[in-house]
1. Could you look through the stretch 547-581, keep only residues that are of a type in the set (Ser, Thr, Tyr) and part of a helix (DSSP H, G or I), and pick out the one that is nearest to Thr635 (Cα to Cα)?
2. May I ask you to say which residue of Ala117, Ala133 is buried (at least 17 other Cβ atoms within 10 Å of the Cβ), within 24 Å of Ala370 (Cα to Cα) and in contact with an Asp or Glu (Cβ under 8 Å, 6 or more places away or on another chain)?
3. From Ile381, Ile417, grab the single residue that is buried (at least 18 other Cβ atoms within 10 Å of the Cβ), out of contact with any Asp or Glu (no Cβ under 7 Å at 6 or more places or on another chain) and in the same structural domain as Ala429 (by TED's automatic domain parsing).
4. Considering only the stretch 69-115, state which residues are aliphatic (A, V, I, L, M) and in a strand (DSSP E or B).
5. Can you name the residue in the stretch 154-191 that is in a helix (DSSP H, G or I), touching a helix residue (DSSP H, G or I) at 6+ places or on another chain (Cβ under 7 Å) and of a type in the set (A, V, I, L, M, F, W, C) and, of all such residues, is farthest from Asn260 (Cα to Cα)?
6. Could you check how many residues of the stretch 400-431 are acidic (Asp, Glu) and part of a helix (DSSP H, G or I)?
7. With the condition kept exactly as written, say whether any residue in the stretch 515-538 is assigned to a helix (DSSP H, G or I), in contact with a Ser or Thr (Cβ under 9 Å, 6 or more places away or on another chain) and crowded, with 22+ Cβ neighbours inside 10 Å.
8. Within the stretch 559-588, which residues are more than 28 Å from His483 (Cβ to Cβ) and at pLDDT below 90?
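The values are calculated or read from the model by the stated rules, or taken from the named source; none is laboratory data. The shown structure was predicted, so the numbers you read here are calculated from the model rather than taken from an experiment. Note that each Cβ is placed from the backbone with ideal geometry, even for glycine, and that neighbours are counted across all protein chains shown.
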Amino acid sequence: MTDLKKSPKSLLDHARRIAKEAEAAEDIDAAFPPADGVDYESRHQRVGTILALAVLRHLFAPADLALLRGHAGVALVVRVPDRDWVKPVSRALQQFSTWADVKAHDGTSKSGHRADAGQAEVADILSAGHCLAGVSQDPERYLPANLVANADIDLAFASVPDKVLRTVVAQVTGRRVRRLPDGATDLPLSVLLACIRRGSTTDEVMRRLERAALTATAPDAGLDDVPHVADLAGYGEAKAWALRLVDEVQAFREGRIQWNEVSSRGVILASPPGLGKTSFARSVAKSLQAPLIPTSVAGWFGQGGSGYLGDIIVRAENVWREAAAAARGGIAVVLLDELDGLPSREHLDPRHRDYWAPLIHSVLLALSSAVSGQTARLVVIGCTNHAEHCDPALSRPGRLDRIIHLQPPTTDDLAAIVRQHLGTDLEGADLRPLAMATTGATGAEAAAWVRAARADALLARRPVEMADLVSKALPAETRSPEHLRAVALHEVAHAVAGERLGVSRVEHVSIIAHGSFAGRTRAQINRTEPMSRAEIEAFVVTVLCGRAADEVYGVPTAGASGGPSSDMGIATTMIASLHYSWSLGDRLAFRGSQNQALDHLRHSERFGVLVDDHLSELYARALAFVRANGDLVETLADRLVQARILGGDEVRRVIAEGRPGNIHSSDGTRTCPT
């Protein structure tokens, strides 16, 4: 049971605290005598005004109050979280006889709420020794410039302080509040006023605040389909930026840093279409537990309306108002797409520059306020396909202060992207071979493959199969079954030989046509240092096993030859170099480079016979290998025809389950493969 009794020391501390608060209240009352007919304690006072009064009392420092007691031409600027606060705060200030005028500028007046409007009036009031106040969610844009530049007191708040909100609840309901629900102080003003009602009990107000805070901090259901930033595949520099942002925002929410200490709150993502700029922004919003406000420059022009530049500016400004209103936990993410729709002024002729200047200037001011303002808590992610077309002022410090160029996903990234979109489908499947076969594809394309594969499986009333995914990711097959099996046998023979002879480690084997190649076996050579003669011969046997499979299961074709990168081209180059360049043949002398070896092969009949005899010997070994491992080769070929692509792990698993094959030498005795 908690002991509620206070010790003498705690009672003394409490008394001192109460006395200090009373002294501060007297200082405020002295600095702010009420206007005629105003009663601060009136129960007819609006709750919004009571809240604004309480916030102002909290914000004024003793030095501010001392300055105001003289009433000699003091200029005050109050920066509020959003436009909803402008009128309540201005009403609160107007209740004091201190001010000659209070300018409440929220941007609704296009002619009067501008930095270049009303400056003469400001000068007259202040030069006459009167006090003047201005209230705005964006003073640099909406208040007279000379008032902002010459403010003696500049106050700002981004949310209602905890102590202030508890005080107001107590004043309205008549009972003190010890603790507010988490997130209550970050609620928008309109929500707070809907919760704090005259005539309600304290418990009723607290229940409303708790429900509102829970609703505000609930995850955005519209972001369920994207991963958190930490789980994103690829993105490189952009992911590093976002991870730091998430950590710093968490530190801000925990009170360890101020909002202006969050190092980077704006960025431009540049890339060709399809590399996931929009998905990235959605993941950032999800990780920040903040609403996402998407907009695009093209959308400002395409929305209904007159199409006049003034209307376009209004639509653009509405985005920032919507973001401020939607901010959850005090933070929102703005996705500003098609940023290059705002042309660079450097590339415009004078006539077009005059047309675009007001819109560009408006956007630049809004970005400065959103990203660097004292009250706004917005993260802005600009996206463009053409960073070179964007106005350089967009990416200056204090706005979108860096440009990150997204790169196409690597093989590993692409496999991870496919896995993310698959979720629990095809659990345990090796997706790397598919990623290798689709190198150059974008994350958007990978997402489309998965959606289409799921649709096919749903129509067939069965789980997703790898064949569903492959059929969507790879071009449709038009070759005959006989041709496909021949290609599969050829490629599998390479793969089995590479693994069995210890020459290479297979990454994947496929029958996907690519350029002039009917299929492909991708493998990493095990030996990276200079090879011995035996190792070179084993490599050449691996290369020749494809043609050997053609002969064992049908007839050799021109597909194994025809160019330097063909099987026979590679084998011939290796053996010619062995004798001519690498001093591993019947002569010790170095006679020339690989290119010179091939040139000598074309002109020397004797050298040609030497190379051909050596190749024939190794080809005989390749034929023997394929025959000795026929069951294994056929098993893997059957699987490859069905799947079109097999990963190295699956190839090794089938090899491990089969019996080792042997190669017969030309004299009929059993020999080691090498």
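1. Pass one, the stretch 547-581, residues of a type in the set (Ser, Thr, Tyr): 553, 557, 561, 565-566, 572-573, 577, 580-581.
Those still in the list that are part of a helix (DSSP H, G or I) too: 572-573, 577, 580.
On the way: Thr572: 30, Thr573: 32, Ser577: 36, Tyr580: 40 Å.
Among those that are of a type in the set (Ser, Thr, Tyr) and part of a helix (DSSP H, G or I), it is Thr572.
2. On the way: Ala117 fails: in contact with an Asp or Glu (Cβ under 8 Å, 6 or more places away or on another chain).
Unique residue meeting the criteria: Ala133.
3. On inspection, the qualifying residue turns out to be Ile417.
4. Residues satisfying the conditions are Ala75, Leu76, Val77, Val78, Ala100, Val102, Ala104.
5. If we take residues in the stretch 154-191 being in a helix (DSSP H, G or I), touching a helix residue (DSSP H, G or I) at 6+ places or on another chain (Cβ under 7 Å) and of a type in the set (A, V, I, L, M, F, W, C), then Val172 is farthest from Asn260 (Cα to Cα).
6. 2
7. yes
8. Asp586, Arg587
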